[in-house]
């Protein structure tokens, strides 16, 4: 009986760990997409004469930092700007 409970506990822990990993992945994806929106807004403002090159560079640096820390998966995920599919899908 103890062996069964130990296996059940281990399976439950693996499920919790997988759930936490997925939550972290989703949060990183959302943060990356938000940074891309900010970069786009900064670029648009600069092109319209209302922004500065510095704001575009700062937004680009934020995206690059996010990529170094979390990878670039958010660039390939489903986005409201891509018509429902990510690039390459």
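Where a number appears in this text, it was derived from the coordinates with a stated rule and is not lab data. Since we're looking at a predicted model, the values are computed, not measured. For neighbour counting, all protein chains shown are included, and Cβ atoms are generated from backbone atoms with ideal geometry for every residue, glycine included.
What's the exposure ranking of 52, 29, going from fewest to most Cβ atoms within 10 Å?
52, 29
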Exposure proxy check: 26, 56 ranked by fewest other beta carbons within 10 Å?
26, 56
Against the longest principal axis of the chain, how steep is helix 2-47, in degrees 0 to 90 to the nearest 10, with axes from Cα atoms?
0
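Using 0.36 nm times the number of residues separating residue 23 and residue 69, minus their current alpha carbon distance, what extension gain do you get?
Between residue 23 and residue 69, full extension yields 14.9 nm more.
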Extent along principal axes [Cα atoms of the chain; Å; largest to smallest]
72, 26, 17
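Please express the shape of the range 1-47 as an equivalent ellipsoid: the semi-axes are the square roots of 5 times the eigenvalues of the C-alpha gyration tensor, given largest first in whole angstrom.
Value: 45, 4, 4 Å, ordered largest first.
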